[in-house]
Amino acid sequence: MRIGARAHDFGKHSPKKLAEILSESGILAAQLAVPKAIEGIGSYFDVSDGLCHEIKSSFEEKNIEIPVLGCYIEPALPDKDERLAQLKIFARAMKVCSIVGAGVVGTETTNFSHDESERERAYSLLLDSVLRMAEEAEKTGTAIGIEPVGRHTLNSPELTYRLLREVNSKRLFVIFDPVNLLSPKNIPRQEKLWEECFEAFGEKICALHLKDAVLDGESLRPCLLGEGVMKFEPVFSWLLQNKPDICVLREEISPKTAKKDIDFIKKLLGDKK
């Protein structure tokens with residue numbers, strides 16, 4: 001396993017400077033959301049082929065891979081025109097992905113704040129979007145990383161399994177963020193939840209998002225790894241056995257405490273990178 005992080009947690013820089021900062025922090029892999037991490041870029045439509053090649057060469061020089069190209073769109077918006085506009089952004093990110101040599105283009109699946117009776121309608125919109133995204137992925141030779149989140153349209157292991165089955169594409173994978181599936185109610189049964197996740201989509205996991213959180217009233221608040229409610233051992237036990245080459249991407253990392261978090265991850269890996 002390789003230890004990585006979200007690049008934009010280290011600020012917005014030129015490709016060369018960003019790669020240097022990541023390397024100096026002990027980061028071997030990066031989730032790169034270009035508009036958030038590269039100075040002078042406001043959207044994926046601002047990214048030229050020349051910049052793609054600059055990113056690729058700068059990161060390769062420091063031996064930093066890009067397992068995930070972050071492109072967080074809203075694929076379950078009810079307004080069709082707005083939703084299709086989001087898919088155009090994702091399609092542009094796929095072209096960037098193919099040039100920089102990233103593993104997948106990653107996204108979440110739109111916040112869901114309606115009554116549960118509306119879940120099926122939201123899911124149908126998501127399914128339509130992901131089918132279109134998978135078709136584009138075939139054209140560009142890239143891949144998609146979908147991230148289930150408890151507050152979003154794709155909110156459970158069961159629904160994720162259904163999406164994977166109904167899209168039925170070799171280009172569709174899952175970015176697994178355990179904490180994003182936690183809530184104050186299911187924290188006590190999280191080990192069972194991880195079992196359900198691995199059974200539903202384990203073989204499709206392409207990257208692990210890693211963070212921790214403390215319970216603050218009725219919400220979860222970020223904290224340093226190992227200082228919150230997350231039980232890491234069951235997750236890493238499964239991954240080390242079944243996905244030993246996966247990238248572990250620390251989210252919400254602070255440059256000031258990066259070493260402490262990285263050391264924590266190394267212990268989980270048995271000091272293996």
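The values are calculated or read from the model by the stated rules, or taken from the named source; none is laboratory data. Only a predicted model underlies this, so the values are computations on that prediction, with no experimental measurement involved. Positions of Cβ are generated from backbone atoms using ideal geometry, with glycine treated the same way; all protein chains shown enter the neighbour counts. When the accessible area is computed, the model is the full protein with side chains, heavy atoms only, and any ligands, DNA or RNA have been set aside. Shrake-Rupley method; radii C 1.70, N 1.55, O 1.52, S 1.80 Å.
Details
- Of the residues making up the stretch 43-100, just one is in contact with a Cys (Cβ under 7 Å, 6 or more places away or on another chain), touching a residue at least 60 places away in the same chain (Cβ under 8 Å) and under 24 Å from Leu163 (Cα atoms), namely Pro67.
- Yes/no for Glu147 being surrounded by fewer than 20 Cβ atoms within 10 Å (Cβ to Cβ) and either of a type in the set (Asp, Glu) or within 18 Å of the chain's Cα centre (by Cα) (or both): no
- If the condition is being aromatic (Phe, Trp, Tyr) and assigned to a loop (DSSP other than H, G, I, E, B), then the stretch 171-184 contributes no residue at all.
- Which numbered condition Leu131 misses (of (1) under 17 Å from the mean Cα position of the chain (by Cα); (2) in a helix (DSSP H, G or I)): (1)
- Screening the stretch 247-258 for residues that are under 19 Å from Gln31 (Cβ atoms) and open to solvent by 40 Å² or more (accessible area, probe 1.4 Å) and picking the one that is nearest to the chain's Cα centre (by Cα) gives Glu252.
- In the set Lys88, Lys36, only one residue is within 19 Å of Glu252 (Cα to Cα) and among the basic types (Lys, Arg); that residue is Lys36.
- Residues in the stretch 26-49 that are modelled with pLDDT of 95 or more and small (Gly, Ala, Ser) were compared, and the one that is nearest to Cys71 (Cα to Cα) is Ala33.
- Near pairs, Cβ below 6 angstrom, 6+ apart or cross-chain, from the stretch 3-22 (over 14 Å from Pro35 (Cβ atoms)) to any residue that is of a type in the set (S, T, N, Q): Lys16/Ser58; Ala19/Ser58
- Positions within the stretch 259-273 being in a loop (DSSP other than H, G, I, E, B) and open to solvent by less than 60 Å² (accessible area, probe 1.4 Å), in sequence order: Leu269, Gly270
- One residue stands out among those in the stretch 23-42 that are touching a Leu at 6+ places or on another chain (Cβ under 8 Å) and touching a residue at least 12 places away in the same chain (Cβ under 8 Å): the one that is farthest from Lys243 (Cα to Cα), which is Ile38.
- Test for Arg162: is it closer than 26 Å to Gln190 by Cα and assigned to a helix (DSSP H, G or I): yes
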